[in-house]
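Notes follow the structure.
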Amino acid sequence: MMVMSLNRCSSAILAGLLVVALFSAPAVGLSTSVTESVNSAAVDEQVTAEYEFTQLYRNPDYDSWDITGDTELDAVTWTITYYDQTDSKIRQDRYTGQSVDGATVDVADGTSRVTVNVRGDVPSVTDYTYDPMQSFVVMELGQTELGGAVEPIDTMTATHYTPASREARDMMDRAAAAIATTDAPEAERTFADAVTAYEREEFDLATSLAANAADMAESQAGTDQRNRLILYAIGGVLLLAVIGGGVLLLLRRTGGPDRLG
């Protein structure tokens with residue numbers, strides 16, 4: 001009876017776990033992929049980014065829905081292209097402005113794939129930060145059913161810079177890498193001043209301070225390396241002395257080498 005009860009209990013537990021697994025499995029819905037991306041770009045540079053959508057009508061189970069899009073790019077052009085199951089283009093719509101809505105995906109049109117492309121100029125930087133580096137929204141996409149709330153799809157962000165800010169940042173990255181290899185408090189303080197100057201948009205000062213911090217840290221790292229080599233050399237000499245002393249002591253205790261062979 002005990003065995004039967006345990007078997008029934010085990011079966012009930014397995015059945016319960018199966019139910020939980022079925023209801024907790026992620027839903028297969030709109031499939032999103034990035035076909036063209038932007039990671040980092042200069043202010044005023046023209047860039048392009050693109051997403052592709054497939055599995056357009058699954059979870060949420062919409063027969064028709066609208067694409068929404070926002071960007072922080074300037075002088076923006078959106079291009080939304082619709083394809084059927086044979087991968088033939090159904091239509092292509094263009095929009096301007098930093099926001100777009102009303103781009104309708106409808107099963108009645110035979111649409112099975114959509115690409116959303118945005119092209120525009122990289123915006124100016126309003127707040128410079130060293131860590132994390134300042135960034136902007138390249139494209140933020142969502143979907144909405146008529147009269148419903150916007151459901152987020154994905155957001156692409158990128159860092160942006162000017163030639164002066166990039167030069168300062170490159171030098172700061174060099175300094176940070178050098179500081180990470182040694183203990184150089186003065187270099188760390190100088191680097192902190194460089195970060196402050198960078199975030200105040202004083203890029204020439206930030207570059208100069210970062211260069212000083214890098215030089216100090218690299219010099220200290222060189223000193224540390226020399227000191228380590230000296231210690232290794234001293235340790236080697238001491239080890240040889242200990243070994244030599246041990247050999248002499250052993251020879252004395254054994255009466256020295258056998259001269260008769």
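For the reader, a short list of remarks on this structure follows.
- Scanning the range 63-75 for residues that are of a type outside the set (Gly, Ala, Ser) and surrounded by 20 or more Cβ atoms within 10 Å (Cβ to Cβ) turns up Trp65, Ile67, Thr71, Leu73.
- Single condition Gly148 does not satisfy, out of (1) under 21 Å from Met172 (Cβ atoms); (2) in a loop (DSSP other than H, G, I, E, B); (3) not polar (S, T, N, Q): (1)
- So Thr111, is it more than 14 Å from Phe53 (Cβ to Cβ), over 31 Å from the mean Cα position of the chain (by Cα) and at pLDDT 95 or above: no
- For beta carbons closer than 9 Å, sequence separation of 6+ or different chains, a first residue in the range 95-114 that is part of a helix (DSSP H, G or I) and a second that is among the basic types (Lys, Arg), the qualifying pairs are Asp109/Arg91.
- Scanning the range 128-141 for residues that are within 13 Å of Val43 (Cα to Cα) and part of a loop (DSSP other than H, G, I, E, B) yields Tyr128, Gln134.
- Search result, residues across the range 180-197 that are aliphatic (A, V, I, L, M) and at pLDDT below 95: Ala180, Ala184
- Residue tally, condition in a strand (DSSP E or B), touching a residue at least 24 places away in the same chain (Cβ under 8 Å) and of a type outside the set (Ser, Thr, Tyr), over the range 76-94: 3
- Qualifying residues in the range 89-108 (those that are more than 15 Å from Gln55 (Cα to Cα) and aliphatic (A, V, I, L, M)) - the one surrounded by the fewest Cβ atoms within 10 Å (Cβ to Cβ): Ile90
- The set of residues in the range 59-75 that are part of a loop (DSSP other than H, G, I, E, B) and within 30 Å of the chain's Cα centre (by Cα) comprises Asn59, Pro60, Thr71, Glu72, Leu73.
- All positions within the range 171-188 that are in a helix (DSSP H, G or I), farther than 8 Å from Ala213 by Cβ and over 22 Å from the mean Cα position of the chain (by Cα): Pro185, Glu186
The values are calculated or read from the model by the stated rules, or taken from the named source; none is laboratory data. Bear in mind the structure is a predicted one, so any value in this text is a computation, not a measurement. Neighbour counts run over all protein chains shown; Cβ positions are idealised from the backbone, glycine included.
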